[in-house]
1. How about segment 19-37: which of its residues are closer than 18 Å to Y53 by Cβ, of a type outside the set (G, A, S) and part of a helix (DSSP H, G or I)?
2. Show the residue pairs that are 6+ apart or on different chains and have beta-carbon atoms under 8 Å apart, the first residue being within segment 29-44 and of a type in the set (F, W, Y), the second being outside any loop (DSSP other than H, G, I, E, B).
3. Would you check if E56 is out of contact with any Lys or Arg (no Cβ under 9 Å at 6 or more places or on another chain) and not in a loop (DSSP other than H, G, I, E, B)?
4. Only one of I24, I45 is among the β-branched types (V, I, T), under 11 Å from the mean Cα position of the chain (by Cα) and under 26 Å from E6 (Cα atoms). Can you tell me which?
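Please treat every number below as a calculation from the coordinates, not as lab data. No experiment lies behind these values; they were computed from the predicted model shown. Cβ sites come from the backbone with ideal geometry, for glycine too, and all protein chains shown count toward neighbours.
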Amino acid sequence: MENNKEIRLNKIPLKPFLEALTDIYNRGVDYVDIIGAHGDEQDSIGIAIKEEYFSEPEEEEDEEDLSDEDINQLI
């Protein structure tokens, strides 16, 4: 059985919502839970983040150490 209930939140200010999403994306978040509430004049929206929603940090490649001989060849 599918649950196809639509939840519609109206008149959500776009700029702060996008700024919040951009900020958390830049911090490494891949997923969010959206929480909404209906208000009298304007609905509100919130963002919840679980620890498992963060992406795995990319491993940095190890830099090879140059030997004295390598450095002398560069000079």
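1. Residues satisfying the conditions are L21, T22, D23, I24, Y25, N26.
2. Pairs found: Y31/Y53.
3. On the way: out of contact with any Lys or Arg (no Cβ under 9 Å at 6 or more places or on another chain): yes; not in a loop (DSSP other than H, G, I, E, B): no.
Spelling it out, it is not the case that E56 is out of contact with any Lys or Arg (no Cβ under 9 Å at 6 or more places or on another chain) and not in a loop (DSSP other than H, G, I, E, B).
4. Details: I45 fails: under 11 Å from the mean Cα position of the chain (by Cα).
The conditions single out I24.
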